[in-house]
Structure formats: C-alpha cells, structure tokens
Amino acid sequence: MSDSILVIGGGIAGINCAMNAAKYGTKVYLVDDTASIGGMMARLDKTFPTNDCSICIEAPQMYEVDNHENIEILTNTDVRKVKKANGTFKVKLARKPMYVDEEKCTGCGACVEACPVSVPDEMDGKIGGQRKLVSMAFPQAVPNVVKVDPSCRFGEMRKEGACIGDCAVDCSQCRECPIALCVKACEKEGKKAIVLWQSNKNVSLEVKSIVVATGIKNAPPAGDLLGYDVYENVISNTEFERLMNAGGPTSGEIIRPSDQKHPKKIAWIQCAGRGLAEGKGTPYCSKICCMISAKQTIITKEHDESVETTIFYNDLKAYGKGFWDFYRKANENGVRYVRGRPYEVFEDPETRNLTLKYENLDTGELGKYEVEMLVLATGVMANDRNQRLAKTLKIELDELGYFKEKDPLLSPLETKVNGIYLCGGATGPIDIAESVAQATAASMKAVLV
C-alpha cells in the first residue's frame, strides 16, 4: 500500500509513533529485530520522575498496537533493502525464524518447562538471571509467544544437554521430531506450535514514508572498570534496575550477587567510564543517568528505609520537568550525595564488601568509603543496528553513531532523504517523555508527507 508508513523499532517511541499514525487512518508496519516489541522500557522497574510502574504504562499500549486494525507488527525482522522510486519506498524485509507458529502458540509455557537447558540471560546473567533455550522475552511480550534459541536449533548446545542436534537429517528435511522435548510438550497440549523447520521469510512492502525509532542501548562497563569484571558485587545500573523489578531474576528482591544477602550500604558512581580512551565508555553526558540513580535510591529506600545510599557524582543533570524536585526528594529521603571521583575499588575477601578510593572534588582530599554493593551508572549509547540501517536507508550518522537530523532547528526529526524521519533514541540520549513527544511529531510528518 503506497499510502502506508514503516516504523523501524518497537520501543516506546516506535509504539507511540505507530499508534498516532494509525489513528489518522494510515496503515502502519511496525518492525522490530527482537522477538517482542516494548524495547528498553519494558524491562525497567519504574519511570522517573513519577516512579510509576514502567510495564503498567507500556503494556496497555503494546496491547493496543497489537489489536489495532491499521497496525501490522513484524517482530524478529530485519530491514534488508530500501529503494526510493516515484515518491514511495520499496522495502525488502527478512523475518528471521522463531521456530514457532505464532498463530498456534498461546504462550502456555509447557515447552519452556520441558526444556532441559538453562543459560545465563543476556541482560540479567551477572545478577543470577537464567533463561531456557526455549523462552519468552518477558511475561507481557507482544506477540505473547516463545522463541527457540537458534544455537539449540542448529545443534550447538548439544554438549550442554540440549535434546536437539543429534540427528543425521536436518529439521527442514524431516519435519517430524520424536526427540525434541519442547515439541513433545507442545503436542501434548494439542497445539503443535513448535516448528523447527522454519526458515527466513522475505517480505516486500511499498510505503510512502519511514520513521526510524531504533532506540538506545545501555553502555556496557568497559573491561574491569572499577572492579566490574573482577568483583561480583559491582553491577551496572541496568542490572540494579532488574534487581528492583518484580519481573526480574530476584522477583524484586534487592540482594547481592555474591551471597544473596540484602545489602545495607550501597553506592552509585555517576559517569562511570565516561571519557575513557580507545572507544571505551561514552565520551558524552547521557542526560538521564542522574535521574535514574536518584530513582533507584528512592525505590531502594522504599524497599528498606535503613539502607544507606550514597551517590558519587561530578555534576548533576536535572534538565526536565520535575527533575530538580526529584533530586530534592532523594535528598529528603536520606540519600547522601558526594561530589567525588572514585578511581579504585578493592574487595575484602572475607566479607565481600567493597572499598572505594575517591577524590573529593570540593576539598581535593582523598577518601575511602566501604559499601556492600556498588552500582555503576555507565550511560547509554547508540543502537548497534544504526550503522547497517544508515547504509540501507542512505541517511547519515553523527560521530557518536546516532542519526543526523537535517536541521535540528528548522527541520527537526527530518533527514536529508525526504520521507524518512527520526524519533526517540535514534537521535541521541533521551528520556521516555521526550521520546513520546518526538514520536508524535515524527508520526505527523510521516502521515502528511
């Protein structure tokens, strides 16, 4: 349909962009390269500065998108080729196999229970998170279906105890599996939704405009930054967020990875890894980290008022509506702010407590501070897929890997290619409220092009 639009990225920006465009009667294709829409926001505990439940806000929107007559969701899908001709874009997509029939799968979880192998979760592995080789992205995933890990499907996990991968004939030829426990469990439920012979599916679209909403990713701690790869009780702010989350690996219990005890002294280090050489860390302020840490300290105090919370910072960024009051709320709740620069961390081998050596930036003096758990606020970075997508769409990236706007003042959210627009984390570090505002604006540009 030449009057339709394509939204690339199914995070909070992409979801709101799709919903707003669809309300004006426009056909929308919402594409994401993961197994579920929702993006980063779906994995958060609360949102600042209101501390509202993150998934409680986003899940109804995900449900609305999934059930809107003008929106078609294409998950696990890559954009492979885009060509502009006669005022429209001809787009070729590749839907990667999930090895599940989405029409038949009801998300009952029988196949997950039957799977014999657990592996560390990509996001929660350091804090004890595990997933099966057959798994769902998260409980509220849309579409609410499971996915079979490709490494299992192709026999790479056989040594770890997987039941798939010991056959002489490939699944694509056999199409009858007497050994896979997930297949047996699904058949027992009367669904036959596990289809190990699935392959890539090519999809061709014609759209009048494209909105890029690829989002951001958390910057990983660079190497052994402040003991991250050395000590179990040094974690990132994303991992701490997952500890607080009732849907996380600890069901919302804030516990130390080393001994599963509730820590009574926790410190946060702002700008962790910022400005490191050789491309390690972020060379810029991510804008949102100060408020994330304030939120996490407030919620930690709500879990246990006796916990001592300390934030080491260089400068505070409180640029948005209600942000300064949010910082003051943290202060009023007993959060201690130290303007200091930690430069070394070492662990007591008996207690597993951590001692920070830091420079006090107000006095110039050196100090030490012992904590039971350390949280690194490492900032955010451009999405990995931006490089490839920029070549496909023939639009530019800046030196940091974000998409360039044609003119931030005169043509905001537009690119040099007429008909391709930007919103959310595709343009740079951004919070949820800004992402939604940009998504609304970008959707109107895309509809009216």
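The values are calculated or read from the model by the stated rules, or taken from the named source; none is laboratory data. Every value quoted in this text rests on a predicted model; they were computed, and no experiment measured them. Quick reminder, even Gly has a Cβ in these numbers, built from the backbone with ideal geometry, and neighbours come from all protein chains shown.
In the range 112-159, of all residues being under 20 Å from the mean Cα position of the chain (by Cα) and of a type in the set (D, E, K, R), the one that is surrounded by the fewest Cβ atoms within 10 Å (Cβ to Cβ) corresponds to Glu122. In the range 319-338, how many are farther than 30 Å from Lys261 by Cβ and surrounded by fewer than 16 Cβ atoms within 10 Å (Cβ to Cβ)? Number of matching residues: 6.
Would you check if there is a residue in the range 19-37 being within 26 Å of His303 (Cβ to Cβ) and part of a helix (DSSP H, G or I)? Checking the range 19-37: not a single residue is within 26 Å of His303 (Cβ to Cβ) and part of a helix (DSSP H, G or I). Modelled with pLDDT of 95 or more, among the hydroxyl-bearing types (Ser, Thr, Tyr) and outside the structural domain of Ala437 (by TED's automatic domain parsing) - does that describe any residue in the range 282-298? Yes, the range 282-298 contains at least one residue that is modelled with pLDDT of 95 or more, among the hydroxyl-bearing types (Ser, Thr, Tyr) and outside the structural domain of Ala437 (by TED's automatic domain parsing). Considering the range 363-403, and only residues there that are part of a loop (DSSP other than H, G, I, E, B) and in contact with a Ser or Thr (Cβ under 7 Å, 6 or more places away or on another chain), the residue that is farthest from Ser306 (Cα to Cα) turns out to be Ile395. Could you please find all residues in the range 221-256 being surrounded by fewer than 16 Cβ atoms within 10 Å (Cβ to Cβ) and hydroxyl-bearing (Ser, Thr, Tyr)? Of everything in the range 221-256, just one residue is surrounded by fewer than 16 Cβ atoms within 10 Å (Cβ to Cβ) and hydroxyl-bearing (Ser, Thr, Tyr), namely Ser251. On the given criteria, is Ile254 at pLDDT 95 or above, touching a Pro at 6+ places or on another chain (Cβ under 9 Å) and either closer than 20 Å to Val345 by Cβ or assigned to a loop (DSSP other than H, G, I, E, B) (or both)? Spelling it out, Ile254 is indeed at pLDDT 95 or above, touching a Pro at 6+ places or on another chain (Cβ under 9 Å) and either closer than 20 Å to Val345 by Cβ or assigned to a loop (DSSP other than H, G, I, E, B) (or both).
Could you list, in sequence order, the residues of the range 52-79 that are among the charged types (D, E, K, R) and under 22 Å from the mean Cα position of the chain (by Cα)? Asp52, Glu58, Glu64, Asp66, Glu72, Asp78 - these are the residues of the range 52-79 that are among the charged types (D, E, K, R) and under 22 Å from the mean Cα position of the chain (by Cα).
Here Leu413 clears all of (1) closer than 30 Å to Gly340 by Cβ; (2) aliphatic (A, V, I, L, M); (3) not assigned by TED's automatic domain parsing to the domain that holds Glu347 except the condition numbered (1).
Scan the range 414-437 for residues that are more than 22 Å from the chain's Cα centre (by Cα) and either assigned to a loop (DSSP other than H, G, I, E, B) or within 16 Å of Gly14 (Cβ to Cβ) (or both) and report the count. It would help to see each step written out before you state the result.
Filtering the range 414-437 for residues more than 22 Å from the chain's Cα centre (by Cα) gives 414-420.
The next check asks that each one be either assigned to a loop (DSSP other than H, G, I, E, B) or within 16 Å of Gly14 (Cβ to Cβ) (or both); those that pass are 415-420.
Matching residues across the range 414-437 total 6.
Quick check: is even one residue across the range 186-194 among the aliphatic types (A, V, I, L, M) and touching an Asp or Glu at 6+ places or on another chain (Cβ under 9 Å)? Yes, the range 186-194 contains at least one residue that is among the aliphatic types (A, V, I, L, M) and touching an Asp or Glu at 6+ places or on another chain (Cβ under 9 Å). Taken over the range 120-156, the criterion of being in contact with a strand residue (DSSP E or B) (Cβ under 8 Å, 6 or more places away or on another chain) and either within 18 Å of Leu196 (Cβ to Cβ) or among the hydroxyl-bearing types (Ser, Thr, Tyr) (or both) is satisfied by Lys132, Leu133, Val134, Ser135, Met136, Val145, Val146, Lys147, Val148, Asp149, Cys152.
Criterion first (of a type in the set (Asp, Glu), surrounded by fewer than 21 Cβ atoms within 10 Å (Cβ to Cβ) and over 28 Å from Ile254 (Cβ atoms)) does Glu176 satisfy it? For Glu176, the condition - of a type in the set (Asp, Glu), surrounded by fewer than 21 Cβ atoms within 10 Å (Cβ to Cβ) and over 28 Å from Ile254 (Cβ atoms) - is met. Residue check: Glu344 meets all listed conditions (1) surrounded by fewer than 15 Cβ atoms within 10 Å (Cβ to Cβ); (2) not in a strand (DSSP E or B) but one, namely (2).
Is it true that Trp324 is without any contact (Cβ under 8 Å) to a residue 60 or more places away in the chain and either within 23 Å of Ala222 (Cβ to Cβ) or out of contact with any Ser or Thr (no Cβ under 9 Å at 6 or more places or on another chain) (or both)?
Here the answer is yes, as Trp324 does meet what is asked.
Residues that are surrounded by 16 or more Cβ atoms within 10 Å (Cβ to Cβ) and in contact with a Pro (Cβ under 9 Å, 6 or more places away or on another chain) are absent from the range 384-401.
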